[in-house]
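The values are calculated or read from the model by the stated rules, or taken from the named source; none is laboratory data. Owing to the predicted nature of the structure, the values given are computational and were not obtained by experimental measurement. Backbone-built Cβ (ideal geometry, glycine too); neighbour counts: all protein chains shown. We work out accessible area using only protein heavy atoms, side chains counted, and drop any ligands, DNA or RNA first. Shrake-Rupley method; radii C 1.70, N 1.55, O 1.52, S 1.80 Å.
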Protein chains: 2
Amino acid sequence: MVALGHDVKMGSRTAKNAKAAEWTKANGPRASAGTFADAAKFGEVVFNCTAGSVSLEALKQAGGKNLGGKVLVDVANPLDFSKGMPPTLTVCNTDSLAEQIQRAFPDAKVVKALNTMGNEVMLNPGLVPGEHDTFVCGNDPQAKAQVVEIIRAIGWKNPIDLGDITAARGLEMMLPIFVRLVGTLHTRIFNFKIAT
Amino acid sequence: MVALGHDVKMGSRTAKNAKAAEWTKANGPRASAGTFADAAKFGEVVFNCTAGSVSLEALKQAGGKNLGGKVLVDVANPLDFSKGMPPTLTVCNTDSLAEQIQRAFPDAKVVKALNTMGNEVMLNPGLVPGEHDTFVCGNDPQAKAQVVEIIRAIGWKNPIDLGDITAARGLEMMLPIFVRLVGTLHTRIFNFKIAT
């Protein structure tokens, strides 16, 4: 995001997080760090990049007031590693993390995006040759359009809009096959393509 | 399967099922019909093509003794349409229909296969241009090899082997995104490809 010309404030539990400080130093004047609340206050668009199992707690620390009216891009996956590998999902089937977040922060415009590939590919789709896909869903069409614009700037050509936020169930439920494919292919550099 | 030169007996709840009789008539001397038990007794390889929500009951009627030692290809998905659209799964996350079947019929060699695309594409992969994927998983390597051979004969080039039967969780959990994509793309003629 910094490389694309955005000012980015990374939030964490404390304002003096060592990794955040390191990242700030490495990324120049557009990069800064603070608490979750600082980051939520700062951002016009807020990305939830926390572990899915603690996202609701992290966003609570970010603060409903700071998130109100803002586009909240949820890239997290509700993976539960507490019972070992492979992880299970903390929520699925009749609900999803993105829906839990939307219900907990009704004034935020939650858009689920970029949760179906490894983070390497997420930020560099060209790592996987040829065409492959990414998806968005959310209840607010304008928020989705804004996220699609950001995703395109990263290099994703045609994000597939799956409709309202309940589509996040399907997107998050792709994780078990993703995890299994990592084991089978012995790499995280792959992605789903919808062949038509 | 008949077109590929196999003798096929279609099983249903009764020996005189009207649709099965119609299918038999349309498919020549290699096609026959009977009860689930008749079909299970007859087949060297048995396909479970029943609705996932009733598969265990149908297979119980087929009979554990008739299924014992046989390759049991599970193409079903545990979709629950009872609460309307979109369907949810009757089992997922920490278990799967294929695992339930394997547990209920420990002497069968369950292979999950062909559950991640519409039935039109399942039997005619060429309907979707270019390369796209299908998957298998199961506990018995020889049974999987036999199923892969059948799948190749249908026209699938490189079925991806995801390992043991627990991978069926991931395969069945692809259904919610599949259903959502049908709504978005307004067609069932598409498939997943793993781009690498």
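Calculate, for B:V182 and A:A153, the FRET efficiency according to 1/(1 + (r/R0)^6) with r their C-beta to C-beta distance and R0 30 Å; round to the nearest 0.05. Rounded to the nearest 0.05, the efficiency is 0.50. For region A:2-110, chymotrypsin sites (Phe, Trp or Tyr not before Pro) meeting the loop criterion (DSSP other than H, G, I, E, B) and having at most 11 other Cβ atoms within 10 Å: A:F81. Surface exposure of region A:48-196, expressed per residue as accessible area with a 1.4 Å probe, stands at 41 Å². Label point of A:G5 (7 Å along Cα→beta-carbon): distances to the other copies' equivalent points are 6.3 nm, sorted ascending.
Compared with its chain on its own, region B:167-181 contains the following residues whose accessible area drops by 30 Å² or more in the full protein assembly (probe 1.4 Å; ligands, DNA and RNA excluded): B:G170, B:M173, B:M174, B:P176, B:I177, B:R180, B:L181. Pop out the carbon and sulfur fraction of the accessible area of the protein assembly as shown as a percent, whole number, probe 1.4 Å. Here it works out to 54 percent.
Calculated mean residue ellipticity at 222 nm for chain B: -9500 deg cm²/dmol, from DSSP H runs with n ≥ 4 weighted as -39500 (n - 2.57), summed, divided by the residue count and rounded to 500. Here is the list for region A:63-128: trypsin sites (Lys or Arg not before Pro) lying in DSSP coil, each with at most 12 other C-beta atoms within 10 angstrom of its C-beta, are A:K83.
In summary, the aspartates and glutamates within cross-link reach of A:K65, defined as a Cα separation below 16 angstrom excluding same-chain residues under 8 places away, comprise A:D38, A:E44, A:E57, A:D107. Explain nothing, just the number: relative contact order of chain B, from Cα pairs under 8 Å at least 6 residues apart, as a whole percent. Normalised by residue count, the contact order of chain B is 18 percent.
In the protein assembly as shown, the C-alpha radius of gyration followed by the widest Cα-Cα span (Dmax) gives 23.5, 77 angstrom. Once B binds A, the 1.4 Å probe can no longer reach about 2700 Å² of accessible area, counting both sides. When the listed pairs A:K193/B:K157; A:K83/B:K112; B:K9/B:K109; B:K70/B:K112 are checked against a 22 Å cut-off, the alpha-carbon distance exceeds it for A:K83/B:K112. Across the options A:N17, A:A62, A:L4, the greatest Cα extent toward the positive end of the charge dipole of chain A (unit charges at beta carbon of Lys, Arg, Asp, Glu) belongs to A:N17.
Counting every pair of alpha carbons in region B:52-196, the share spaced more than 25 Å apart comes to 27 percent. Across region B:86-196, Cα pairs under 8 Å and at least six residues apart give a relative contact order of 38 percent. Across identical copies of the chain, A:P106 has label-point separations of 5.2 nm, listed in ascending order, with the point defined 7 angstrom from Cα along Cα→Cβ.
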